[in-house]
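One structure is given here, and the rest of the page talks about it.
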């Protein structure tokens, strides 16, 4: 897998993060998360022709990035360090086979979501990572 185009993904993330109202630190967090996922993919043996795809979804609360690989039978596995970094820099991530989904919320949206969850009398929710 060639990683020279990671800078393009990071630039797209920065632009969309700015559009979503992210702070500079939040933009850097999203860029770091993308780098960690692509680095994890590059660490696995494969062909230099393997491709990585990325889809960005800008929504009212933030940005969701879905990163996939076309490597046959690929299963993305994050090491402990990568999982810790992702847990620190994005609001949520999910690894499903050859796909990683990252969700980063703008600080205002994250604060509103946390306040709503705190004020709610509903059952607590858990997120498996």
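The values are calculated or read from the model by the stated rules, or taken from the named source; none is laboratory data. Every value quoted in this text rests on a predicted model; they were computed, and no experiment measured them. Here the Cβ positions follow ideal geometry from the backbone for every residue, glycine too, while neighbour counts run over all protein chains shown.
What the table shows:
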quantity	calculated
Selection from the range 71-90 of residues that are touching a strand residue (DSSP E or B) at 6+ places or on another chain (Cβ under 7 Å) and farther than 19 Å from residue 25 by Cβ	76, 78
Selected residue (criterion: modelled with the lowest pLDDT) from residues of the range 18-37 that are within 17 Å of residue 101 (Cα to Cα) and in contact with a strand residue (DSSP E or B) (Cβ under 6 Å, 6 or more places away or on another chain)	37
Qualifying residue in the range 73-93 (condition: modelled with pLDDT of 70 or more, in a strand (DSSP E or B) and either loosely packed, with under 11 Cβ neighbours inside 10 Å or more than 10 Å from the chain's Cα centre (by Cα) (or both))	no
Qualifying residues in the range 38-49 (those that are out of contact with any helix residue (DSSP H, G or I) (no Cβ under 6 Å at 6 or more places or on another chain) and closer than 16 Å to residue 81 by Cα) - the one modelled with the lowest pLDDT	44
